[in-house]
Amino acid sequence: NDGGVYYSSNVGNASNPSFAARNNGYNVTQFYGADQVNTAGSNFMIAGAQDNGSHRFTGSGINSTTEVTGGDGAFCHIDQLNSTYQFTQYVYNSFYRSTNGGSSFSPILQNQSYGRFINPTDYDDNAKVMYSAANTDQYIYLDNLTGTNGAFLSNVNLNGFQASAIKVSPYTNNRIFIGTGTAGSSGGSAVFRIDNAASNSATSTQISTSSLPGNGYISSIDI
């Protein structure tokens, strides 16, 4: 399976057979996203792995980890101003939050009707808001993530496209950038600036030119 090779000696005569890992130097884990504590010299990191959950790293180099949430792991975020708050993600818009520095996680949104299978997200450390892809011409934002959070669906003009990358502006409050792509949806590639993003009055402005390929997929945005 995706975790390697497993062996059972009683699969033919037990209703609940036992399996044991037979991996020896077999390391094929695929990580979709990761984040690290904003402390000098820290080795603390969380990372989401394909079909192998989200893992907590606490030592340098390749070493054993602790799986903090299961299923497919996806994008992870650690509040860079207060690492007490950490976030992991399952598929679509399924999110978990830790309020104790990664010791335990609890669900804060479980919605698999919107977004992509491995759903792009970004976290605003200052405003405590998470942004994630929804369906065409939509995104979701979760606010007050260090308190009693809420989840809201925002409808904006993305030219009928679906978000494939999201980036919070480090310079302008309540502004994000959204890239779009064709994978898993109709549409094409473009980049949009979204102002008043965490509100019911969000506005979108396309800032890319027509030189982007129509069948492309924007996978990341940096500012």
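A few points about this structure:
- Every residue from the stretch 60-103 that is hydrophobic (A, V, I, L, M, F, W, C), part of a loop (DSSP other than H, G, I, E, B) and either modelled with pLDDT of 95 or more or over 18 Å from residue 43 (Cβ atoms) (or both): 74, 75, 76, 81, 91
- Cβ pairs under 9 Å, 6+ apart, first in the stretch 17-37 and of a type in the set (Asp, Glu), second at pLDDT below 90: none
- Listed conditions (1) more than 23 Å from residue 91 (Cα to Cα); (2) among the aliphatic types (A, V, I, L, M); (3) buried (at least 17 other Cβ atoms within 10 Å of the Cβ) are all met by residue 165, apart from (1).
- Which numbered condition residue 36 fails, given (1) open to solvent by less than 60 Å² (accessible area, probe 1.4 Å); (2) within 15 Å of residue 78 (Cβ to Cβ): (1)
- The one condition from (1) over 13 Å from the mean Cα position of the chain (by Cα); (2) under 23 Å from residue 178 (Cβ atoms); (3) open to solvent by less than 10 Å² (accessible area, probe 1.4 Å) that residue 113 does not meet is (3).
- Subset of the stretch 39-64 (residues that are open to solvent by less than 30 Å² (accessible area, probe 1.4 Å) and in contact (Cβ under 8 Å) with a residue 24 or more places away in the chain): 46, 47, 48, 49, 54
- In the condition set (1) within 21 Å of residue 75 (Cα to Cα); (2) open to solvent by 10 Å² or more (accessible area, probe 1.4 Å), residue 179 is compliant with all but (2).
The values are calculated or read from the model by the stated rules, or taken from the named source; none is laboratory data. Here the structure is a predicted model, which is why all the values come from computation and not from measurement. Cβ atoms come from the backbone with ideal geometry, glycine included; neighbour counts cover every protein chain shown. We work out accessible area using only protein heavy atoms, side chains counted, and drop any ligands, DNA or RNA first. Shrake-Rupley method; radii C 1.70, N 1.55, O 1.52, S 1.80 Å.
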